[in-house]
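Structure record follows, encoded as structure tokens.
The values are calculated or read from the model by the stated rules, or taken from the named source; none is laboratory data. Everything numeric in this text was worked out from a predicted model, so none of it was measured. In this analysis, Cβ positions are derived from the backbone assuming ideal geometry, glycine residues included, and neighbour counts consider all displayed protein chains. Please note that ligands, DNA and RNA were not included when accessible areas were found on the heavy atoms of the full protein model with its side chains. Shrake-Rupley method; radii C 1.70, N 1.55, O 1.52, S 1.80 Å.
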Amino acid sequence: MVNPPSRGLRLAFVIAAVLLLAGGSLGYVLHARHRERPPGQQADASFTLAEPGLYFRDSAGGRVARQGGPGLPRVTGGPSCDRFHAAGEHALCLRKLPGIPARTDALVLDRRLREIRRVTVPGIPNRARVSASGQLLSWTTFTTGDSYATTAFSTRTAILDLRTGYLIKSIEQIPLTLGGARHHDSDVNYWGVTFAADDNRFYATVSTRGATHLVEGDLHAWSAKALRDNAECPSLSPDGTRVAFKKKVSDDPRSPWRLYVLDLATMGEHPAAEPRSVDDQAAWLDDSTLAYALPGQDGRASDIWSARADGTGEPHLLVPGGSSPADMD
């Protein structure tokens with residue numbers, strides 16, 4: 001007759017079985033997470049930021065492409081991105097991950113478009129910016145909703161300093177001065193950061209209590225102050241004197257915004273030479289020309305247009321089937 005296992009031996013068997021099941025479950029979860037994170041298309045070895053031209057997201061394939069100049073063919077072969085921007089020595093590629101809840105990979109790339117850092121954040125890719133030096137990067141994701149045309153949205157905006165490696169996961173906690181007084185509210189949302197040449201000062205949109213404001217921030221002082229209201233998605237000119245922004249001009253959800261330019265010295269504003277509604281953070285090609293995306297023609301997702309910042313002339317179709325323009329010298 002075989003004696004039954006002792007109580008201690010039975011307990012050891014139970015513990016071993018639990019550990020085995022737990023290990024198997026953890027392995028399955030890690031495998032599932034690995035399977036749901038697509039590798040995405042990386043840049044071809046021959047495609048880099050070394051060539052001058054306009055870099056952008058190609059709507060057809062979702063990869064970064066380059067337009068060298070008038071009459072030159074489009075060159076494809078960059079990484080796949082949902083939002084893209086580049087300046088100086090670095091590029092920023094936002095890539096939406098599959099699954100629920102929504103998550104986004106913020107990929108920091110060098111001039112050869114090789115990944116040097118990856119930050120995974122909640123939400124849907126929305127805005128991406130790199131400072132002129134390439135040392136500061138900012139991204140915005142929609143954590144709730146997917147359109148600025150409604151009030152039912154929430155954003156998260158981060159700033160990464162590559163000089164120190166320090167990541168500000170959300171700038172919502174920066175002390176904000178609004179109307180001359182400190183402002184505290186749970187509904188504060190920031191988006192659309194643009195950096196000054198000193199890699200310290202920045203401009204952004206803040207939304208609170210149903211209104212939007214253009215704010216000027218100071219990273220070293222860790223402070224922000226509102227400069228004016230009704231301004232979204234600012235973009236600072238290369239000479240640092242003007243800000244292009246979206247101004248709400250209508251309650252019609254089909255055409256709510258107009259692209260404006262603000263003189264920071266006088267705080268005077270005027271419309272850019274684009275009469276259509278622009279829902280984009282415009283990019284400056286030079287001190288006089290803006291580039292931005294509009295809904296595409298002939299069934300394309302979007303096209304890149306350009307217009308003079310001083311309001312003269314007519315808008316010009318720059319890149320059919322493109323978005324997220326970034327001019328690289």
Round to the nearest 10 and report in Å² the accessible area of Y190, as given by a 1.4 Å probe over the protein chains' heavy atoms.
-> 0 Å²
Excluding A282 itself, what net charge comes from residues whose Cβ is under 10 Å from its Cβ, given Lys and Arg +1 and Asp and Glu -1?
-> -1
Using the heavy atoms of the protein chains and a 1.4 angstrom probe, tell me the accessible area per residue for region 185-240 in square angstrom.
-> 36 Å²
Among G321, G268, S154, whose Cα lies farthest out toward the positive end of the dipole of the chain, if unit charges sit on the beta carbon of Lys, Arg (+1) and Asp, Glu (-1)?
-> S154
Label point 7 Å beyond Cα of S170 along Cβ direction - residues of region 184-217 with amide nitrogen under 13 Å | 185-191
Would you please state the base-10 log of I(q)/I(0) at q = 0.09 1/Å for the chain, with intensities from the Debye formula using one equal scatterer on every alpha carbon?
-> -0.49
Among all cysteines in the chain, which have no other cysteine Cβ under 4.7 Å from their own Cβ?
-> C233
Heavy-atom accessible area per residue of region 253-310, all protein chains kept, 1.4 Å probe, expressed in Å², is 44 Å²
Put S154, S186 in order of accessible area, largest first, probe 1.4 Å, and you get S186, S154
Given 237-245, 128-136, 93-101, the highest-first ranking by average Cβ count within 10 Å works out to 128-136, 237-245, 93-101
Top to bottom by accessible area (1.4 Å), largest first, where do E115, E274 land?
-> E115, E274
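Give the accessible surface of region 51-168 per residue, rounded to a whole number of Å², with probe radius 1.4 Å and ligands, DNA and RNA excluded.
So region 51-168 comes to 40 Å² accessible per residue, rounded to a whole number.
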For helix 7-36, report the angle its Cα long axis makes with the longest principal axis of the Cα atoms of the chain; keep it between 0 and 90° and round to the nearest 10°.
-> 20 degrees
Scoring only Lys, Arg, Asp and Glu (+1, +1, -1, -1) among other residues with Cβ under 14 Å from the Cβ of I304 yields 0
Holding the Cα-Cα limit at 22 Å, pick out from K169/K248; K225/K247; K225/K246 the pairs that are longer than that.
-> K169/K248
Dipole magnitude of region 167-303 about its Cα centre (Cβ charges: Lys, Arg +1; Asp, Glu -1), debye to nearest 20 | 340 debye
How would S306, S288 rank on accessible area, largest to smallest, probe 1.4 Å?
-> S288, S306
How much accessible area does V119 have with a 1.4 Å probe, in Å² rounded to the nearest 10?
-> 20 Å²
Rounded percent of accessible protein surface that carbon and sulfur make up, region 214-329, 1.4 Å probe | 48 percent
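Tally up the carbon and sulfur contribution to the accessible surface of region 42-191 as a whole percent, 1.4 Å probe, everything protein left in place. Could the numbers behind the result be given before it?
Values: 3330 of 6500 Å².
Result for region 42-191: 51 percent of the exposed heavy-atom area is carbon or sulfur.
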Farthest toward the dipole's positive end in the chain, which of Q41, L109, H184, given Cβ charges of +1 (Lys, Arg) and -1 (Asp, Glu) about the Cα centre?
-> Q41
Size of the dipole of the chain about the Cα centre, Lys and Arg at +1 and Asp and Glu at -1 on the beta carbon, nothing else charged, in debye to 20?
-> 1600 debye
